[in-house]
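Shown next, in structure tokens, is the structure this report addresses.
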Amino acid sequence: MSLKAFHIVFIIFSTLLALGTSAWCIWVDLIVGGPVYLTGAIASLVVATALMVYGFWFWRKMKRLRLIT
Amino acid sequence: MEIPYTVSTRPDTGLWNAKVGIWLFLASEVMLFGGLFSAYIFLRIDAPPGTWPRGVLNVPVGTFNTSILIISSVMVVLAWASLKMRRYRAYWWYMLGTILCGIVFLVIKLGYEWPLDYVHFGAYIKPEALGKYEQYLGNAYAAEKDLPPRLEITGHLHNQAALKDPNIKEYEVALDPLNAYPTNPEVDRPHFFPLPVTDKIAKIEKEDVERATMFLPTHSTYFASYFTITGLHGAHVLGGVLVFIYLWLPVSKRLYQSNPEHLANRVEVAGLFWHFVDLIWIFVFPLFYLL
């Protein structure tokens with residue numbers, strides 16, 4: 001497996017972690033309540049979205065790079 | 001002597017040699033960390049109620065360190081891509097960014113997070129003495145609320161000498177909120193930011209204590225697993241940083257000038273190792289910090 005393929009695998013796992021962290025924040029918010037957990041859940045979702053966007057950008061860029069090199 | 005297949009691929013494997021080597025190495029690493037994670041999971045499943053510490057790590061700091069490692073992975077792959085495009089200057093900056101991320105991670109882990117644990121103290125109370133310390137444990141309340149039993153009193157140890165001096169008969173502990181106000185539901189919850197130690201002091205007689213240590217590997221299987229796995233992971237991060245420093249120094253520029261593809265392959269191998277180390281952290285963070 002090349003570095004670029006492993007990087008995409010890594011980004012997938014990082015996205016899953018961000019989604020999991022968001023779920024954890026929502027779970028704690030249901031038990032405890034408080035703005036910090038809701039903020040954490042939203043921030044984690046934003047990070048997960050950003051990682052997905054980055055993953056697609058990277059995949060397309062690498063495809064293009066392979067054509068160049 | 002020239003090492004063969006550093007750039008071109010071997011006809012039998014279809015790969016250059018270092019790539020075969022790094023994947024064999026990573027396979028052995030999977031077995032190493034896989035064994036440790038399995039041990040952690042089985043120790044946790046088998047832990048008697050009330051003996052597994054929860055919510056003792058700083059989640060925001062762990063989250064920040066996770067972000068640092070993700071950013072470093074992005075940087076190392078961009079460094080490699082820059083080399084492939086023969087942009088050495090961009091490679092140099094991305095590699096510097098990766099090195100700095102690794103150093104920041106290590107400083108936070110070893111210089112901030114670990115020392116926070118060293119200063120924390122925990123005393124597991126003998127079963128027959130639990131009633132004596134009910135005001136700090138609140139086991140009647142815990143049973144009423146269907147919470148796990150509380151067997152430990154934690155906080156900052158005021159008389160550190162008590163750990164070694166047999167003539168000192170009691171521990172003086174500035175209590176954690178859970179032990180200072182054991183029936184307050186506000187403190188008996190997972191907390192994003194750890195609650196600070198209170199001013200309330202408890203005196204715990206040594207003869208009532210089953211075992212007492214600072215938050216070190218000797219404290220519990222939780223901390224033994226935590227320090228083993230995060231320590232081993234930290235050693236891998238340090239190794240990665242050292243390799244990246246070598247690949248960033250002027251000595252590598254000479255290789256770039258003579259054979260840029262060879263340097264790109266070296267960076268790819270180091271990048272694969274770095275991604276593996278970061279992937280390990282992706283599992284460490286939820287296991288130790290969140291669950």
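Read the figures in this text as sums done on the coordinates, not as results from a lab. Just so it is clear, the structure is predicted and the values come from calculations on it, not from any experiment. All Cβ positions, glycine included, derive from the backbone under ideal geometry; neighbour counts span all protein chains shown.
So the values come out like this:
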{"item": "Most fluctuating residue given options B:Leu263, B:Leu175, B:Leu36, as computed from a GNM of chain B linking Cα atoms under 10 Å", "result": "B:Leu36"}
{"item": "Separation between Cα centres of segment B:263-291 and segment B:106-169, rounded to whole Å", "result": "34 Å"}
{"item": "Size of electric dipole in the protein assembly as shown: Cβ of Lys, Arg +1 and of Asp, Glu -1, about Cα centre, debye, nearest 20", "result": "2220 debye"}
{"item": "Average beta carbon contacts from partner chains per residue of A:4-11, 10 Å cutoff", "result": "6"}
{"item": "Crossing angle, helix B:260-285 versus chain B [Cα axis fit, 0-90 degrees, rounded to tens]", "result": "20 degrees"}
{"item": "Fewest-first sequence of B:Leu247, B:Leu24 by Cβ atoms within 10 Å of each Cβ", "result": "B:Leu24, B:Leu247"}
{"item": "Given B:Lys164/B:Lys203; B:Lys126/B:Lys200; B:Lys126/B:Lys169, the pairs whose alpha carbons are separated by over 19 Å", "result": "B:Lys126/B:Lys200"}
{"item": "For segment B:147-161, 3J(HN,Hα) per residue [Karplus equation, 6.51 cos²θ - 1.76 cosθ + 1.60, θ = phi - 60°, Hz, x = Gly/Pro]", "result": "9, x, x, 9, 10, 10, 10, 10, x, 9, 7, 7, 9, 4, 4"}
{"item": "Amide H contacts of B:Val209 (H built 1.01 Å from N, under 5 Å, at least 5 apart or other chain)", "result": "B:Lys126"}
{"item": "Top of B:Ser67, B:Ser28, B:Ser82 by mean-square fluctuation, Gaussian network on chain B, Cα under 10 Å", "result": "B:Ser28"}
{"item": "For segment B:61-186, size of Cβ-based charge dipole, Lys and Arg +1, Asp and Glu -1, in debye", "result": "1160 debye"}
{"item": "Amide hydrogen neighbours beyond the local backbone of B:Met85, cut-off 5 Å, H modeled", "result": "none"}
{"item": "Crossing angle, helix B:17-46 versus chain B [Cα axis fit, 0-90 degrees, rounded to tens]", "result": "10 degrees"}
{"item": "Of B:Ile168, B:Ile108, B:Ile229, the one that fluctuates the most in a GNM where chain B has Cα springs shorter than 10 Å", "result": "B:Ile168"}
{"item": "Exposed GluC sites (Glu not before Pro) absent - longest run of chain B, DSSP non-H/G/I/E/B, at most 15 other C-beta within 10 Å", "result": "B:3-185"}
{"item": "Cleavage-rule hits, trypsin sites (Lys or Arg not before Pro), segment B:64-112, DSSP coil, Cβ neighbours within 10 Å at most 15", "result": "B:Arg86, B:Arg87"}
{"item": "Exposure proxy ranking, count of Cβ atoms within 10 Å, fewest first, for B:Trp80, B:Trp248", "result": "B:Trp248, B:Trp80"}
{"item": "Nearest-ten-degree value, helix B:88-106 long axis tilted from longest Cα axis of chain B", "result": "20 degrees"}
